[in-house]
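Visitor: Got a structure for you, questions after.
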Amino acid sequence: MMRKKVVLLGSTGSIGTSTLKVAQEIPERMEIVGLAAANSVEALAKQTQETGAKHVAIYNPKKEAELRAAVDSDVQVYVGLEGLVKLAELEGADMVLVAIVGTAGLHPALAAIEAGKELAVASKEILVMAGELVMGAAERKGVKVLPVDSEHNAIFQCLEGHTGEQKEISRLILTASGGPFRTWEADKLKDVQLEQALKHPTWEMGRKITIDSATLFNKGLEMIEARWLFGVEMDRVDVIVHPQSIVHSMVEFADSSVLAQLSTTDMCFPIQYAVTYPERVSNGLKPLNFAELGKLEFEDARRDVFPAIDLAVRAGTEGGTLPAVYNAANEVAVDAFVEKKIGFTDIWRVVEQTMDAHQWKPGTSLEALIAADADARELAKGFL
């Protein structure tokens with residue numbers, strides 16, 4: 001029974017705090033040896049004390065002095081992007097779990113792979129922007145990439161033990177809650193207010209991903225992510241709405257049989273499985289009660305009303321720099337919606353216009369992808 005030493009990047013966000021709950025639940029299997037946050041010094045210092053981690057990083061260099069004053073003198077403090085990379089390469093660590101929102105997780109993810117660490121991915125941007133690079137590097141180094149998103153973790157579990165060729169996979173079926181507006185008429189969506197978009201019916205998540213759930217951009221990002229993570233073409237990645245969020249995703253095989261992974265809605269499930277893989281261990285998480293559930297419902301994703309899915313199919317099919325553009329333009333549009341500069345349906349408009357205006361290039365290097373990200377942000381700002 002191996003006790004895995006884990007570096008957690010993005011420890012103060014929702015995935016990060018759930019990861020720390022898992023570490024408390026299974027201390028015999030999981031030890032936090034490194035922590036990183038963007039700005040939250042007080043929360044990071046408290047986590048450092050609670051976990052006993054001796055290596056911490058703060059992404060904002062202006063917070064360095066504050067963090068050094070808040071932690072014990074024997075704690076090693078790292079700063080900025082360079083600090084995240086150093087944590088990702090930390091000697092003695094077995095796994096790096098990246099839960100950083102945005103593009104800041106790209107360099108440390110690749111650094112972790114090059115250092116031979118297992119990589120647990122909770123940040124969509126890593127595989128959306130640089131899936132080809134990341135999975136290629138992992139294959140070259142013989143490093144396992146373990147998904148932490150509930151949907152991809154579910155597919156990973158459904159494929160466990162599958163020893164056939166990729167052609168035996170007919171479809172990867174990502175489930176979506178549908179968000180708070182799944183039953184709304186299309187013409188009413190233009191009047192959606194920020195407060196309404198932040199009321200997710202099932203999950204408690206950060207602001208950005210909650211809004212992405214309302215627009216279904218989260219599913220679009222997950223489709224591109226799945227394309228690279230599991231090595232299938234975009235036309236074999238599908239989405240279906242499942243309001244109860246009990247079936248976390250499914251795999252349909254060539255013989256038309258379907259395997260699904262089910263559990264109650266708690267991110268601790270996929271996090272724990274990523275850490276303990278390939279073993280399963282008991283915990284205090286709530287098991288399913290099928291009699292209480294009564295029924296599970298499934299609906300079409302209404303692609304005509306929620307264009308994010310078809311835009312994702314386009315981005316994932318054309319590949320190159322376009323997935324990075326899809327992701328960056330969405331981030332700009334969501335920020336503008338939060339600041340009440342644009343309406344809810346303008347989020348889709350801005351992304352589509354940015355994709356149309358972008359000059360496609362091969363995504364053959366991290367530099368090219370980062371340049372495309374920056375270019376897309378400038379284009380998107382012009383379309384606000």
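Visitor: Within region 271-317, take every residue that is of a type in the set (Phe, Trp, Tyr) and assigned to a helix (DSSP H, G or I) and give me the one that is least open to solvent (accessible area, probe 1.4 Å).
Guide: Result: 273.
Visitor: Here's another thing I want to ask about it. Quick one: is residue 22 open to solvent by less than 10 Å² (accessible area, probe 1.4 Å) and part of a strand (DSSP E or B)?
Guide: Criteria not met by residue 22.
Visitor: Which members of region 82-126 meet the condition of being open to solvent by less than 30 Å² (accessible area, probe 1.4 Å) and either assigned to a strand (DSSP E or B) or hydroxyl-bearing (Ser, Thr, Tyr) (or both)?
Guide: 95, 96, 97, 98, 119, 120, 121, 123
Visitor: If you take the residues in region 323-349 that are farther than 13 Å from residue 215 by Cα and free of Cβ contacts under 8 Å to residues at least 40 places away in the same chain, which one is least open to solvent (accessible area, probe 1.4 Å)?
Guide: 335
Visitor: So residue 33 clears everything in (1) among the β-branched types (Val, Ile, Thr); (2) within 19 Å of residue 118 (Cα to Cα); (3) assigned to a helix (DSSP H, G or I); (4) at pLDDT 95 or above except one condition, right? Which one?
Guide: In the conditions (1) among the β-branched types (Val, Ile, Thr); (2) within 19 Å of residue 118 (Cα to Cα); (3) assigned to a helix (DSSP H, G or I); (4) at pLDDT 95 or above, residue 33 misses (3) alone.
Visitor: Can I ask one more? Tell me which of these residue 216 doesn't satisfy, since it passes every other one: (1) in contact (Cβ under 8 Å) with a residue 60 or more places away in the chain; (2) touching a Phe, Trp or Tyr at 6+ places or on another chain (Cβ under 6 Å); (3) more than 22 Å from residue 131 (Cα to Cα).
Guide: Here residue 216 meets the rest and fails (3).
Visitor: Considering only region 134-182, how many residues are farther than 11 Å from residue 226 by Cβ, out of contact with any Phe, Trp or Tyr (no Cβ under 9 Å at 6 or more places or on another chain) and in a helix (DSSP H, G or I)?
Guide: 8
Residue-wise test of (1) at pLDDT below 95; (2) of a type outside the set (Val, Ile, Thr); (3) open to solvent by less than 30 Å² (accessible area, probe 1.4 Å).
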residue	(1), (2), (3)
195	yes, yes, no
219	no, yes, yes
223	no, yes, yes
236	no, yes, no
241	no, no, yes
251	no, no, yes
254	yes, yes, no
265	yes, no, no
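Visitor: Then there's this: Test residue 75 against the criterion of being free of Cβ contacts under 8 Å to residues at least 60 places away in the same chain and closer than 24 Å to residue 43 by Cα, and give yes or no.
Guide: Yes, satisfied.
Visitor: Now, a different point. Collect the residues in region 360-382 that are exposed (fewer than 14 other Cβ atoms within 10 Å of the Cβ) and assigned to a helix (DSSP H, G or I), keeping them in residue-number order.
Guide: 367, 374, 378, 382
Visitor: Same structure, new question: Could you give every pair whose Cβ atoms fall below 8 Å, whose first residue belongs to region 89-104 and is without any contact (Cβ under 8 Å) to a residue 60 or more places away in the chain, and whose second residue is not in a loop (DSSP other than H, G, I, E, B), counting only separations of at least 6 or pairs across chains?
Guide: Sorted first by the residue in region 89-104, then by its partner, the pairs are 89/111; 89/112; 89/114.
Visitor: Testing residue 61 on (1) touching a strand residue (DSSP E or B) at 6+ places or on another chain (Cβ under 6 Å); (2) under 23 Å from residue 145 (Cβ atoms); (3) not aromatic (Phe, Trp, Tyr), one condition comes back false. Which one is that?
Guide: Of everything listed in (1) touching a strand residue (DSSP E or B) at 6+ places or on another chain (Cβ under 6 Å); (2) under 23 Å from residue 145 (Cβ atoms); (3) not aromatic (Phe, Trp, Tyr), residue 61 misses just condition (2).
The values are calculated or read from the model by the stated rules, or taken from the named source; none is laboratory data. All values derive from a computational prediction rather than experimental measurement. Here the Cβ is made from the backbone with ideal geometry for all residues, glycine too, and neighbour counts use every protein chain on show. Protein only, heavy atoms only, side chains kept; ligands, DNA and RNA dropped before computing areas. Shrake-Rupley method; radii C 1.70, N 1.55, O 1.52, S 1.80 Å.
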